[in-house]
Amino acid sequence: MRAPRCELHTGRGSRAGCILHFALCLAVLTASCAQKTLTLPTGRGTALPDAADLHTGISKACAGVRTLTAELSMSGTAGGQRLRGRALVGFEAPDAMRLEGVAPIGPPAFILVAKGGEATLLLPRDERVLRDEKPGAILGALTGVMLAPADLEAILTGCVVPSPKVASGSELGGWVILELEGGATLYLRRDRGTLQLRAARRDNWQIEYPQWQGSFPGAVRLVSTGEPRVDITAQLAQLETNIDIDAAAFTVDVPNDTAPITLEELRQAGPLRGSSASTSRREGADGDGRRTRLARGQTDTGRRGRVVAPERRQTAHAQSTPFLLRATVSPCVDPCPPYPPCPSLLSASPRLRGSFQ
């Protein structure tokens, strides 16, 4: 049976503006049916003397993560603009990350690699590169989620913060509340007699976990508690942990003719352009995550992490705004439909298998 292609399907009433040709597509639309934010308890509850043991039980899986790879299907809004897209992500402790935007066809929409607190962003379709910036600053410009890779990895695995330690615990209104050192708070509910993380708060974020797949989240929602307003949900698929990943996954070869792009140019093309808070939100801890050799059969990413320049350059890519962040703004009758499921990261391309083994 042939594996399904990773591409957008358009539904009845869709127009050109709904055919989004990149992984993190930005349609200039406001959300018309925003999901209600979970209401979390406030006030003083009954103290739990066994808070540390409870936390050990719920964090055992995420605390043991050395490496993680996953496919993210993202949707939501940032700065009043709608986000929708698919990316492959990989982390390796203590500070390595690769995030690759999957375009429907052709080269990746972007490749972001980070290690040692510095990151490089390559836009293959535009022949542009951003070097030696903080990973969280680049993530914030792309998606509105200004988090360092280690913090992002902790959120995606359910640990919420890197190396979490419990300070205290209480029970209030059916919720078990665990306060962590450093200021983060976990909110747990009992599901068939088992405690499960449902939400958390840290820094300027409320984090919700509406779905779980075994010991790890199946979906994660991040909602900013201040300005600019960000509300993004990431569905996780093909999640694998503690596999060996080639170190080349966290490097990217930049063609010699690639032109530089500045962080400010990226911000001005992104969802938070024009927002004063876009340059002031704190990045978070300077951890950076974990590792992966990420790509898809339809991308032009080589075995050793090299990005092969497209054989055919389109003149439209020479425009000042990066292809990743350009979108036609024709209104759509129907919202853009979701992506169909994609094959496993390992089976997507024989070229990639060796990088995971």
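Cβ-Cβ contacts under 7 Å between residues 6 or more apart (or on different chains), taken from a first residue in segment 131-152 that is on the phi > 0 side of the Ramachandran plot and surrounded by fewer than 24 Cβ atoms within 10 Å (Cβ to Cβ) to a second residue that is modelled with pLDDT of 95 or more and not in a helix (DSSP H, G or I), are listed as D132/E118.
For the condition surrounded by 13 or more Cβ atoms within 10 Å (Cβ to Cβ) and at pLDDT 95 or above, L83 does not qualify.
Take the conditions touching a Ser or Thr at 6+ places or on another chain (Cβ under 6 Å) and either farther than 24 Å from G64 by Cα or in a strand (DSSP E or B) (or both) and apply them to G90. Does it pass?
yes
Residues checked against (1) closer than 28 Å to R125 by Cβ; (2) surrounded by fewer than 19 Cβ atoms within 10 Å (Cβ to Cβ); (3) modelled with pLDDT under 95:
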position	(1), (2), (3)
T194	no, yes, yes
L197	no, no, no
Q211	no, yes, no
G218	no, yes, no
L222	yes, no, no
E227	no, yes, yes
D231	yes, no, no
A259	yes, yes, no
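Screening A103, A93, A119, A109 for residues that are crowded, with 24+ Cβ neighbours inside 10 Å, touching a residue at least 12 places away in the same chain (Cβ under 8 Å), of a type in the set (G, A, S) and closer than 25 Å to P217 by Cα leaves exactly one candidate, A103. Checked against (1) in a strand (DSSP E or B); (2) in contact with a Ser or Thr (Cβ under 8 Å, 6 or more places away or on another chain), P108 passes all but a single condition, namely (1). Say we look at segment 77-87 and pick out the residues that are farther than 21 Å from L121 by Cβ and part of a strand (DSSP E or B); which of these is nearest to the chain's Cα centre (by Cα)? Among those that are farther than 21 Å from L121 by Cβ and part of a strand (DSSP E or B), it is T77.
Tallying residues that are assigned to a strand (DSSP E or B) and surrounded by fewer than 16 Cβ atoms within 10 Å (Cβ to Cβ) within segment 34-76 yields 2.
In segment 126-144, what residues are modelled with pLDDT under 95, out of contact with any Pro (no Cβ under 6 Å at 6 or more places or on another chain) and part of a loop (DSSP other than H, G, I, E, B)? Matches in segment 126-144: E127 only.
The rows are residues; the columns are (1) hydroxyl-bearing (S, T, Y); (2) modelled with pLDDT of 95 or more.
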{"position": "M146", "(1), (2)": "no, no"}
{"position": "A150", "(1), (2)": "no, yes"}
{"position": "E153", "(1), (2)": "no, yes"}
{"position": "P164", "(1), (2)": "no, yes"}
{"position": "G169", "(1), (2)": "no, yes"}
{"position": "L172", "(1), (2)": "no, yes"}
{"position": "T185", "(1), (2)": "yes, yes"}
{"position": "R189", "(1), (2)": "no, yes"}
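The values are calculated or read from the model by the stated rules, or taken from the named source; none is laboratory data. Predicted model only: the values in this text are computed from it and were never measured. Neighbour counts run over all protein chains shown; Cβ positions are idealised from the backbone, glycine included.
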